[in-house]
Amino acid sequence: MSNMPIALMEDSPPYLDFSIVAKEDRAASIKQGLKQYVDSEIVTITPMGDNKTQVIKEVDEWMAHLIDREHNNLISDKYLKFCRDSYEAWKDKRAAPINGTPIAEWAQASPAEIEMVLNANIRSIEDLANCNDEALGAIGMGARTLKGKAITYLKNATDHGAVSEKMNALEVENNTMKETNEKLLQRLAVLEAKVDAEPDIGHTLGIKQAEAITE
């Protein structure tokens with residue numbers, strides 16, 4: 001089993017913040033004789049549970065590095081997809097996706113507790129449930145209790161989901177039986193209608209059978 005901290009594990013991507021900064025275009029500056037600037041997209045990378053360590057890279061360089069690492073099986077497809085989706089969400093002016101259930105939507109935690117967790121750069125209940133001692137230290141007092149609450153919340157949500165799936169399966173099965181019964185009743189009604197429309201059919205068949213025996 002890996003000893004890598006949960007904040008750095010490949011399937012627990014870091015938190016990503018994108019922005020645009022002015023970067024000098026050195027070649028253009030030399031050509032024009034004065035400084036020329038271009039827009040440059042950068043990403044600020046912060047490990048989950050670490051509010052002190054940040055790495056800043058140009059997006060193109062960072063993405064090329066990720067693709068190379070994924071090609072060499074150093075990170076997972078899931079990790080790369082999360083990073084790409086985060087970047088595309090920023091480009092589309094949408095909120096970057098959160099890897100799990102947002103802490104901000106956790107009804108079992110108080111506003112103060114949510115603020116403590118967010119300040120430690122932990123943004124999902126799943127991340128809180130899996131955070132290591134370093135991340136707990138970043139949260140502060142009551143962190144272990146919050147982690148326990150997160151674990152319990154996710155377990156209950158999973159159990160409830162399993163029960164819901166069973167209930168849905170039973171409902172589908174029940175509806176199928178109802179449809180089958182309705183079709184059988186419809187066929188029976190059609191047969192009864194035919195019998196009512198031809199009341200002498202049984203008598204006629206009986207005479208023909210008797211004649212055949214006599215012959």
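Each value in this text was obtained by applying a stated rule to the coordinates, not by laboratory testing. Note that the structure is predicted; figures quoted are calculated from it, not measured. Neighbour counts are summed over all protein chains in view; Cβ atoms, including those assigned to glycine, are modelled from backbone coordinates with ideal geometry.
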- Query: Under 5 Å between amide H atoms, partner at least 5 residues away or on a different chain: which partners does Ser124 have, H built in plane at 1.01 Å?
  - Reply: Ile103
- Between Glu179 and Arg69, with labels modelled 7 Å along Cα→Cβ, what's the label distance in nm to one decimal, could you check? 4.9 nm
- Message: Sort 102-110, 123-131, 45-53 by the packing proxy (mean of other Cβ within 10 Å over each peptide's residues), most packed first.
- Response: 123-131, 45-53, 102-110
- Note on the structure: Set Lys57/Lys78; Lys57/Lys93; Lys23/Lys57; Lys31/Lys57, cut-off 23 Å on Cα-Cα distance; pairs above it are Lys31/Lys57
- Note on the structure: Checking rank on 55-62, 145-152, 17-24, with mean other Cβ inside 10 Å and highest first, the result is 145-152, 55-62, 17-24
- Find how much the distance from Ala189 to Glu134 grows on full extension, using 0.36 nm per residue of separation minus their present alpha carbon separation; answer in nm with one decimal. 12.5 nm
